[in-house]
């Protein structure tokens, strides 16, 4: 089954991480992707900072374009990837080894992908 991994972090906690520790963990991230490459169905993507974001949202007179992210949460998505594993337990086991989980405010959201749209047919 395919799952989307959304790598999130809390920017307000970035300054609490020693830069050398941050670099060491980032190196582990590259190694993690190499070690687990057979589970990924895409090349994934690391996203630029939230200051580069533009959001299109609902407006009373139609879509409205807003500079920046339109997110009420403290967490921001910093990247994503798609994996293909047997089930949610396998996805969780993989994500538990994500190196950046050593850092404060880091989380990975795991969400199953819709692969069979016939379930939506009436």
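The values are calculated or read from the model by the stated rules, or taken from the named source; none is laboratory data. These numbers were taken from a predicted model, which means no experiment stands behind them. Glycine also receives a Cβ, built like all others from the backbone with ideal geometry; neighbour counts cover every protein chain displayed.
Key figures for this structure:
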quantity: Filter result for residue 84 (modelled with pLDDT of 90 or more, touching a strand residue (DSSP E or B) at 6+ places or on another chain (Cβ under 6 Å) and surrounded by 10 or more Cβ atoms within 10 Å (Cβ to Cβ)); calculated: yes
quantity: Residue satisfying condition, being modelled with pLDDT under 95, touching a helix residue (DSSP H, G or I) at 6+ places or on another chain (Cβ under 9 Å), surrounded by 14 or more Cβ atoms within 10 Å (Cβ to Cβ) and closer than 30 Å to residue 20 by Cβ, within set 76, 108, 95; calculated: 76
quantity: Residue match in the range 9-19 (condition: surrounded by 11 or more Cβ atoms within 10 Å (Cβ to Cβ), on the phi < 0 side of the Ramachandran plot, more than 18 Å from the chain's Cα centre (by Cα) and touching a residue at least 40 places away in the same chain (Cβ under 8 Å)); calculated: yes
quantity: Matching residues, the range 1-40, being in a loop (DSSP other than H, G, I, E, B) and farther than 19 Å from residue 91 by Cβ; calculated: 10, 17, 18
